[in-house]
Amino acid sequence: MIIREVKDKATKKAFLDTARIIYENDSIWVCPLDNDIEAVFDPAKNNFHQDGKCTRWVLTDANGQLIGRIAAFINNKKAYHYEQPTGGIGFFECINNEGAAFLLFDTAKKWLGENGMQAMDGPINFGENDNFWGLLVEGFIPPSYGMNYNHAYYQAFFDNYGFKTLYAQITNHLDILKPFPERFYKIAKWVTQKPGYEFKHLKAGQIEKFASDFMEIYNDAWKDFENFVPITHATIAESFKKMKPLMDENLIWFAYINNEPVSFLIVLPDANPMIKPLNGKLNLVGKLKFVYNKWKGVSRMRAIVMGTKQKFQNHGVESALFITLGEYVLPLNQYKELELSWVGDFNEKMIAMHNAMGAVFGKKHLTMRYIFN
C-alpha cells in the first residue's frame, strides 16, 4: 500500500474520487459536493485556517487503486483546552480492510504528533460541528445535507484502533403532518402571545443584524459547556453564505423579549435529494439539475442548530419557535418531515423537548478520542 499527501491537482482529485469508489454500490449514500469538501481545505473559504492547520492523504493498493483517505487538522483555539493537546481527523473513508484503516490512522497520528498533539478526535471537521462530523453507528438511512454517512464496518476500525467515545450525537425525526401533543402546543402558543415576546424570521436584507444576534445568543447559550470556544463573526458570515443557495427566510426564526435577542432556530430544506443525482459535480449541467430539483422542492427539512440564552432557557421560547415555524410550513403542504440534528447526549433539556414534541429516534453519531500514549 502507498500513502500520499494531497499536494497537487491529481491528489486532490484522488481524494474526492475515493469516496465515490468506496460507496459505488451503496444506494443510500449521497455524494457531498466536491466544492463543499474542497472549501474545508481552502484558506480563502475556511477561516479556521487563520488559527490552525490541516493536511490530508490518499491511500492506494499495490495496483494503484484508491482504497482510502483521511485528513488531519489542528485548531489552535481548541487544541489546548484539553488535558492533552488534541487535534482531529476526518473525511475518513476506507475499504473493509483493517490494515489499510490503521495505516491511515497511523499517518494522521504521526503528523499530529510531530505538530505537538498528544491525542486526536474523530471523525470531525476542520470547522463547526454542523457538517461532516461524527461516526454513524445507528440509523443507516438516507442522510441529510452535511450529515456524515459511512459504512457500518467503520465502527470496528475506530474501536479496534483504540478510540473511545466522548459523546453521542442524537438525531430525531418529527412528522410534520402529525399534530404536536396538545400540552406542548398549548404552552407554546401561550408563550407566543406573552407581552414583549416577538418572533421574527430572517430577512436577507438584514443579514448582518441577524448574524450579530445569532452570535450573541450562541455564545451565551453554550458558554458553560466544557471546552467551549466562542464562535466568531467571520465563522457565522461563512455559514450564512453557505446557507444562502438553500435558504428559505421563513424557515429561520429568532425570538426577542423586550427587543433582546434570546433564541434562534435555523432550519433549511434538505439539499441531499437535490444533489444526489449530481455525484458531487456542480458543473454547468449539475447547476441546472440543482436549480430544477430546487424548483421541484423537497419534503424534508433539517434543523441545523438551535440556541437560547441561559437565563431564558425555561421560558418555553424554544417550543414557541417550533410552533411559529409550523404556522408557516403546514399551509405549504410541501414538507413532511423535520430532522432534528444533532443533539449531544449531554444536552438533556433539548432531548426532553424533542420527546415532548413527539419526535422519534433517527440516527446516532459518535465523536471519539484516541490518546497517543
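What follows is calculated from the coordinates using simple rules that are stated; it is not laboratory data. Remember, it's a predicted structure, so these values are computed and weren't measured experimentally. No Cβ is skipped: glycine too gets one built from the backbone with ideal geometry, and neighbour counts run over all protein chains shown.
A simple count of charges around residue 296, restricted to other residues whose Cβ falls under 14 Å of its Cβ and scoring Lys, Arg +1 and Asp, Glu -1, yields +3.
So how many Lys-Lys pairs in the stretch 2-167 land under 15 Å Cα to Cα, not counting same-chain pairs under 8 apart?
Working: 7/53; 45/53; 53/77; 53/78; 53/109; 53/110.
Pairs that pass both the separation and distance tests number 6.
Remind me, what semi-axes does the stretch 308-357 give for its equivalent ellipsoid, largest first in whole Å, using sqrt of 5 times each Cα gyration tensor eigenvalue?
That gives 23, 15, 8 Å for the three semi-axes.
Taking Lys and Arg as +1 and Asp and Glu as -1, the other residues whose beta-carbon sits under 15 Å from that of residue 57 total +2.
Excluding residue 217 itself, what net charge comes from residues whose Cβ is under 10 Å from its Cβ, given Lys and Arg +1 and Asp and Glu -1? The partial results should precede the final answer.
Working: positive: 309; negative: 213, 216, 220, 260.
Surrounding charge for residue 217 is -3.
The long axis of helix 98-114 is offset from the longest Cα principal axis of the chain by roughly 80 degrees.
Legend: Rg and Dmax of the chain, from Cα coordinates, 20.9, 70 Å. Taking a ≥ b ≥ c as the square roots of the eigenvalues of the Cα gyration tensor of the stretch 74-132, is the shape rounded (a/c under 1.5), prolate (a/b larger than b/c) or oblate? The shape class here is oblate. The relative contact order of the chain comes to 23 percent, based on Cα pairs under 8 Å that sit 6 or more residues apart.
Cβ crowding within 10 Å ranks 166, 112 as 166, 112, fewest other Cβ atoms first.
Which loop-located GluC sites (Glu not before Pro) does the stretch 177-278 contain, where loop means any DSSP state but H, G, I, E or B and the Cβ has at most 13 other Cβ atoms within 10 Å?
On the way: sites: 182, 198, 208, 216, 226, 238, 249; in loops: 226.
Qualifying residues, ordered by number: 226.
If you sort the three axes of the alpha carbon gyration tensor as a ≥ b ≥ c, you get a/c of 1.5 or more for the stretch 177-335 and a/b no higher than b/c, which makes it oblate.
Normalised by the number of residues in the stretch 2-167, the average gap of Cα pairs under 8 Å and 6 or more apart makes the relative contact order 20 percent. Reducing the stretch 140-165 and the stretch 10-85 to their Cα centroids gives an inter-centroid distance of 15 Å.
Note on 132, 15, 361: ascending count of other Cβ atoms within 10 Å places them as 361, 132, 15, the fewest first.
Dividing the mean sequence gap of close Cα pairs (under 8 Å, 6+ apart) by how many residues the stretch 190-317 holds gives a relative contact order of 31 percent.
Is the stretch 249-373 best put as rounded, prolate or oblate by its Cα gyration tensor, with a ≥ b ≥ c the root eigenvalues, rounded for a/c under 1.5, and otherwise prolate when a/b is larger than b/c, oblate when not? Working shown, then result.
Values: a/c = 2.06, a/b = 1.27, b/c = 1.62.
Note, shape of the stretch 249-373 comes out oblate.
Considering only beta bridges that DSSP places wholly inside the chain, some 90 percent are antiparallel. Against the chain, whose longest principal axis is taken from its Cα atoms, helix 233-243 shows a tilt of about 90°. Calculate the translational D of the stretch 1-159 in whole µm² s⁻¹ from Stokes-Einstein, where the hydrodynamic radius comes from the Kirkwood formula applied to all Cα pairs, the temperature is 25 °C and the viscosity 0.890 mPa s. The diffusion coefficient I find is 154 µm²/s.
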